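First comes the structure, then the notes that go with it.
Any read-out appearing in this document is the output of simple, stated calculations on the displayed coordinates, not a laboratory observation. Predicted, not measured: the structure shown is a model, and the values here were computed from it. As a convention, Cβ positions derive from the backbone with ideal geometry for all residues, glycine included, and neighbour counts pool all protein chains shown.
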């Protein structure tokens with residue numbers, strides 16, 4: 001008791017008085033409940049993960065492709081990117097292993113531009129990755145696809161030989177045997193010059209081209225059951 005006042009003991013206070021005396025407000029909202037259950041795994045709303053299955057596309061299987069990227073020996077360099085799309089489903093045990101529309105990426109592995117007098121331009125492309133609709137990638141190894149330009153050896157031989165014959169005929173008319181020899185040499189030289197002036201036709205792989213590629217190794221893919 002102090003100056004006639006007596007301090008009330010906690011036992012004599014009601015609940016509100018005790019709370020006020022301890023600095024606690026009864027107006028505060030309750031604490032949120034704590035979830036002690038273990039978190040669920042799976043997709044949205046805790047749904048279980050879908051069951052999956054591994055399919056193996058055997059070596060020597062063929063894949064139909066349509067080329068998206070124009071490639072030519074005029075400008076192509078080894079390791080340039082080449083893009084294509086699968087044109088039909090690749091099936092394994094009646095299951096779709098590689099769906100039509102999947103992107104297939106590859107690269108240029110050979111460029112031979114060919115000469116003006118002899119030789120054919122050649123282009124080689126090999127594919128190394130398939131990309132599925134969900135962005136998942138699977139490595140593949142295919143055989144090389146080759147393309148060739150038109151052969152110029154026969155055309156050039158015809159130009160050179162034809163020039164020699166024409167020159168020999170004219171030389172014989174105007175100068176006898178000696179004239180034929182001189183005319184033949186001159187005609188051959190003219191035919192060679194004409195052949196050298198022509199451009200070699202490049203080997204190309206045009207956008208929109210459809211082709212099939214053969215797998216060199218098995219390909220393992222995971223699909224939903």
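Things worth noting here:
- Most tightly packed first, judged by the mean number of other beta-carbon atoms within 10 Å of their residues, the peptides 79-85, 219-225 read 79-85, 219-225.
- Sites residue 51 and residue 138 - FRET efficiency at Förster radius 22 Å, r taken between beta-carbons, to 0.05: 0.70
- Computed from the Cβ-Cβ distance with R0 of 30 Å, the FRET efficiency linking residue 88 to residue 112 stands at 0.40.
- Taking other Cβ atoms within 10 Å as a rough exposure proxy, 70, 132, 127 sort from fewest to most as 70, 132, 127.
- Label reach from residue 146 (point 7 Å along Cα→C-beta): in the stretch 60-88, amide nitrogens under 16 Å belong to 73.
- Using a simple spin-label model with pseudo-atoms 7 Å out from Cα toward Cβ, residue 60 and residue 74 lie 4.1 nm apart.
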